[in-house]
Amino acid sequence: MLTQIAYPEPIEKALAKIESLLASNAELILSQNYSISSRSLALLLLQKDPHFWQKIQQQNSPAREIEAAIVQAQNQLNEPILSAIASARQQQAWRLESQTIRETTPGKKTLTERLHQFTVNPITGFPLLVVILYYGVYKFVGELGAGTFVDLIESFFEENINPVVNVWTAQLLPWQPLQDLIANEYGIITLGIRYAVAIVLPVVATFFLMFSFLEDSGYLPRLSLMLDRLFKAMGLSGRAVIPIVLGLGCDTMATMVTRTLETKRERLIATFLLSLAIPCAAQWGVIIGLLAQKPAALLLWGGMITAIFLIMGSLIAHLLPGKPASFYLEIPPLRLPKLKNIITKTWVRMKWYFLEILPLFIWASVFIWLGRLTGLFDLIIQGIEPIAFSLGLPKEAAPIFLYGFFRRDYGAAGLFDMQQQGILSGNQLVVVAIVLTLFLPCIAQLQMMLKERGAKVTWAIVAFIFPFAFLVGYLMNFVLTILGVRI
C-alpha cells in the first residue's frame, strides 16, 4: 500500500495552490501525455524542474501565481525548499525501513556507526577537529616538519653545502656575477635549492603525510558533512572542504580541484578564497614554526586569517548572484589507514609538488640575480621600502615581499632567514606573516587560475588582493601600536 509523503505545511499549501492552478488550466498543461499525477507535477514545478517550468511559460500558463506560491513557501521555511522536500522523503524512507526490516540484534550500534556520529555531530566533531589541528598541524607539521626537520636540513646546508659551493664557485668561475648566480647570498644553490630542499620540502612532506592519513581513514568526507552549514554562509557547500583543505598543501593543486564543484559561482568563490586566505603547506608550516615560540603571535595570526576567510567569503557570497549549491556526497566507511596507501599518496603528491616548485625556485633565483645585476632588483626594493616602513617593518623586510611575488612560500622561507638573524620583533613578525599569507598567489597558482577562471576574473582577484594584503598589515600594526601591545 502506497503512502503519500507528508511535507511541511508551507510546502503542502503551495502544492495545493499549484494543483488548483493546474486543474483550472488542464487543457494547457495536462494535455501532454505525461503519466504522472497532478501532485507529482506540482512537486516538479515547486522545485522548478527546467522541463516543466519551460512548458508552463511557453503555454502562457499562470507562471506568476505559481512563482508567488513558491516564494511564499520559501519565506515560511527555515531551509531551502529542495532541502525540506529531501528531508521529508528521507524521513519517510526511514519509517518504511523500520516497518519492514527487523534487525537480529536491535538497538546496538556498531563501533563504526558510533565513530561516524562522533565525527559529524558538531558537538563532538569540532573538538575532534581542534585535536587534529593541534596534533596534526601544529605539532606534526609545525613543530616536527617546520621546526625539527627544517632546522636539521638547514644546518646541514649552512655548515656543509653552502660553504663548499661558495669556495668551489670562487675557484672555478673568475667572474663575480657568475659566482653570484650559483652561490653567495642569492645563488641558485645557496638560496633557491636551499629554500626548496631545506625549508619547503620537510613542511610539505609532513603535511601530505598527515593529509593522506586523514584521507585514507575516511575522515575528510565527514569533515565536509560537518562543515556544510558553515560553508553555506560563504556561498559554498560541504563539497568545497576538499579543495580548501587540499589548498593547505598546495593552492595550485587545489585551484585545479575546484572544477569538481557544482556551480560556476561556487568555483569562483573557492578560487578567490584559495588565492586570498589559504596558505600552502610550505608557507603556513614555516610561519607556524616561526611563531610557535610566541603563542600569542600564533593565535593572533591564525585568528586574523580565519576571520578574513569567513568575512570575505560571506561578503563575496552576498555580492555574487546565483543560488547556493546543493550538497550530495557519498560517505565511505571509516577504516584504519593502510600504510602502503599513505606512503603511495604522499609520494605521488610530493613528487608532483617538488617537480613543480624546484624549477620555480631556481627561476626565482635567476630573476633575482638578473635584477641585482641590472640594478632593477635594488630599484624595486627601494620602491617597496616605504611600504615596509608604513607597516612598522625594517627595510630588510622589503626583499621578502619581492620574494613573495615569485612564490609566497619563497617569501616565507626568506622570513625564516630574517627570524634566524633576530631582525624582527614579535609584533613585526605577526604583521609580515599576515601580509605574506594574504599576498598575491604564486606564479604556478596564477597560471592555474588563468586556465580555470580566465584572464578577466584572475586579474580582478589579483588587483584586489595586492592592496588588501598591505592594508590589513597596516591596520594590524596600527592597532598593535595604539593599544601598546608587545608580543
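Just a few scattered comments:
- The chain, relative contact order in percent, only Cα pairs under 8 angstrom and at least six apart counted: 15
- Space enclosed by the convex hull of the alpha-carbon atoms of the chain, per residue, Å³: 194
- Sequence-distant aspartates and glutamates (8 or more away, or on other chains) whose Cα lies within less than 18 Å of K13: E65, E67, E79
- Backbone geometry of the range 62-74 corresponds, through the Karplus equation with coefficients 6.51, -1.76 and 1.60 at θ = phi - 60°, to 3J(HN,Hα) couplings of x, 5, 5, 5, 5, 4, 5, 5, 5, 4, 4, 5, 5 Hz, x marking Gly and Pro.
- Highest mean packing comes first when the peptides 171-179, 296-304 are listed by Cβ atoms within 10 Å, giving 296-304, 171-179.
- FRET efficiency, K351 to I123 (Cβ-Cβ, R0 35 Å, nearest 0.05): 0.30
- Environment charge of A63, counting only residues whose C-beta is closer than 14 Å and scoring Lys/Arg +1, Asp/Glu -1: +1
- Taking a Cβ cut-off of under 9 Å around G426, the surrounding Lys, Arg, Asp and Glu residues balance to a net charge of +2, with basic ones at +1 and acidic ones at -1.
- Couplings for the range 435-450, taken from phi via the Karplus curve 6.51 cos²θ - 1.76 cosθ + 1.60 with θ = phi - 60°, read 5, 5, 5, 8, 5, 4, x, 5, 4, 5, 5, 4, 5, 5, 5, 4 Hz in order; Gly and Pro are left as x.
- Selection of GluC sites (Glu not before Pro), the range 327-421, meeting DSSP coil and at most 13 other Cβ within 10 Å: E330
- Cα-Cα over 22 Å, subset of K351/K456; K294/K351; K48/K323: K351/K456; K294/K351
- Rounded, prolate or oblate (a/c below 1.5 giving rounded, otherwise prolate when a/b exceeds b/c) for the range 419-487 by Cα gyration tensor: oblate
- Bridging of K451 to lysines at a Cα separation below 17 Å is possible for K264, once same-chain residues fewer than 8 apart are set aside.
- Helix axis angle, 281-291 relative to the chain longest principal axis, alpha carbon, degrees: 60
- Euclidean distance of C-alpha centroids, the range 276-323 and the range 415-448, integer Å: 13
A short reminder: the numbers here are calculations on the coordinates, not readings from a lab. Since this is a predicted model, take the numbers as computed values, not measurements. No Cβ is skipped: glycine too gets one built from the backbone with ideal geometry, and neighbour counts run over all protein chains shown.
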